[in-house]
Each structure stands twice: as C-alpha cells, then as structure tokens.
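Q: Got a structure for you, written out below as structure tokens; questions coming shortly.
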Amino acid sequence: MLTFFIVFIANLIIGILVGLSGVSGFLLPIIYVGFLGLPVYDSLALSFLAFLVAGVIGAYSYWKLKYMDFKLALYLSIGSLPGAFLGVQVNVLISETLAKLLLYLFVLFAGLSIILKKNNAEPDSEDENSKSFMLKQPVWIILLGVLTAVICALTGAGGPILVVPLLASLGVNIRTAVGVGLLNSVIIALPSIFGYFSYASIDNMQSFILFSLVGTTIGIVAGSRIANRVPVEQLKIFIAVITIISSVYMLGSLVLEH
C-alpha cells in the first residue's frame, strides 16, 4: 500500500509542477525506475499514461486561451505517431541497463537545459514572418515530429521538454509552443502507452494505473488554477536543481551496480 501511496503523491506533485510551469513530467520515469525500482517498461507505460492525461488537460486549457496552432500540431503529429512507435521498438531491443542510462542522461540534459535556457520575454502576438522556413514546409515539420517523438518515446521524456524549446527557437510564440507541445505529447503518448503496456510485468497494474491517474488529474487541475500566483522562473530553477541531483545520483548508482 505504501508503494501506491508514493505513486499517488509522486503523480500529484509532478502534476502540480506541470500545471504551474509546463515542465517536470520527465521526472516521473526516474521516480518509478530509480526510486521505486519498477521495471523500465512498466515505469514508462505508467509515465506515458500520466503524460496523456496532462497533455489533454493542458492542451485544452491553452486552446481556451487561444494559444494553439492546430495546423502546426497536425503536421507534427503525422510524424510523431510513427516516431513514437519506433522509439518504443528501439527501447525494447536494447538492454535494460542501456535504457536506464539513456533515461538518466536525458533527464540530466533536461535539467541542465532549464538552467541554461535564456528566458526572453516575447509578445503575445505571433508574426508569421518571424517563423523559420522549416515551419513553412510541412515535410520539415513532419520530420521534426518523427525525431522528437523517437527520442521522447525511447527515453520516457514526454514531449514538451523537447518540442517547446525547439518551436520557440524556430520563431513560434512561447505560449503557442507550449500549447502545441502539450497536444503533441498526447500523440506521442498513445503508441507509447500501448507499446510499453504490452511488455509490462508487475502485479496489481490496475492499482498503479488508478493511483497514477487520480494523482495526475488532481495535480494538473490544482497547478493550473494557482499558476498565476507562483513565480514560474524560480519554480523552474527549483525543478531543474532537483532533476540534476536526482539524475546524477541515479547515474552514480547505475555505475556502482556494474
């Protein structure tokens, strides 16, 4: 029962952090694998289930605020579906040790990217002329969707942590980038969920799913409602520090095991 309580609390906290800042979902796999000792496939299946819920709620919220580019999201999704499927297959083919190593390294990279990223203020309006030529060519957007989905499905990183900074660097308004990233994370999650659950092996999976979904849903809703009251940049730095410490610790543990 203690394990289920930890799953609920972990999803609740991560859900709140995602609702507040748009980042930190990538911490879930490291909690499942590194601290609860669950198998990699089971951990990724549960993580992507949480990403699906967070993506649906978050994308709907951004759509209501009119920060959504459905055309861009559509082209990304065309690439993300096969990309996510490929990422799952690659994960299945490699050893569990290598899968853990890739997960911990990517989480470390995610934490460092939050620290190093320059947060420039952007206007709410979006100028089509400011977009990179890549975003004006559907084939490049589709290829971008394939690439990001492969990495996210392989490592359990979710989606927004890669897609959002990439879109922002290519000239997309940051709020629109977050909305598109959240919607795209739903598309990445779908094949990832089915793929990893087909290899899941732990008992009482229904209970894990229940506590995960309840925690995530409550967390996302709560985080979204109080987002305007919390200094987001300081929160992101806090998440980044915890992420870096956790990933370094797990990398060290993995080295000592071998």
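The values are calculated or read from the model by the stated rules, or taken from the named source; none is laboratory data. Everything quoted here is computed from the prediction, not taken from an experiment. As a convention, Cβ positions derive from the backbone with ideal geometry for all residues, glycine included, and neighbour counts pool all protein chains shown. Areas reflect the complete protein model, heavy atoms only, side chains present, ligands, DNA and RNA absent. Shrake-Rupley method; radii C 1.70, N 1.55, O 1.52, S 1.80 Å.
Q: Since Ser185 meets every condition but one in (1) of a type in the set (Ser, Thr, Tyr); (2) open to solvent by less than 20 Å² (accessible area, probe 1.4 Å); (3) more than 20 Å from Leu98 (Cα to Cα); (4) more than 13 Å from the chain's Cα centre (by Cα), which condition does it not meet?
A: Answer for Ser185: the failing condition is (4).
Q: Looking at Phe35, is it open to solvent by less than 40 Å² (accessible area, probe 1.4 Å) and of a type in the set (Phe, Trp, Tyr)?
A: Here the answer is no, as Phe35 does not meet what is asked.
Q: Then there's this: I need a count of the residues in segment 189-213 that are surrounded by 15 or more Cβ atoms within 10 Å (Cβ to Cβ) and over 16 Å from Ser43 (Cβ atoms).
A: Adding up the residues that qualify gives 2.
Q: Filter segment 147-166 down to the residues that are modelled with pLDDT of 85 or more and open to solvent by less than 10 Å² (accessible area, probe 1.4 Å), then identify the one that is nearest to Gln137 (Cα to Cα).
A: Thr148
Q: I'm trying to understand the selection: among the residues of segment 63-103, which are more than 18 Å from Ile141 (Cα to Cα) and not in a helix (DSSP H, G or I)?
A: If the condition is that a residue be more than 18 Å from Ile141 (Cα to Cα) and not in a helix (DSSP H, G or I), then Leu65, Lys66, Tyr67, Ile94, Ser95 are the ones that fit.
Q: Could you list, in sequence order, all residues of segment 6-52 that are among the polar types (S, T, N, Q) and at pLDDT 90 or above?
A: Asn11, Ser43, Ser47
Q: With respect to Phe109, is the statement that it is open to solvent by 40 Å² or more (accessible area, probe 1.4 Å) and at pLDDT 90 or above true?
A: no
Q: Moving to a separate point now. When you scan segment 38-53, do you find a residue that is among the acidic types (Asp, Glu), free of Cβ contacts under 8 Å to residues at least 60 places away in the same chain and either in contact with a strand residue (DSSP E or B) (Cβ under 6 Å, 6 or more places away or on another chain) or part of a helix (DSSP H, G or I) (or both), even just one? First the steps, then the outcome.
A: Going residue by residue through segment 38-53, those that are among the acidic types (Asp, Glu) are 42.
Remaining after also requiring free of Cβ contacts under 8 Å to residues at least 60 places away in the same chain: none.
Scanning segment 38-53 turns up no residue that is among the acidic types (Asp, Glu), free of Cβ contacts under 8 Å to residues at least 60 places away in the same chain and either in contact with a strand residue (DSSP E or B) (Cβ under 6 Å, 6 or more places away or on another chain) or part of a helix (DSSP H, G or I) (or both).
Q: Only residues in segment 65-91 that are among the aliphatic types (A, V, I, L, M) count as the first member; pair them with residues that are open to solvent by 80 Å² or more (accessible area, probe 1.4 Å), Cβ under 8 angstrom, at least 6 apart or cross-chain, and list the lot.
A: As it stands, the answer is Leu65/Arg175, since those pairs meet every condition given.
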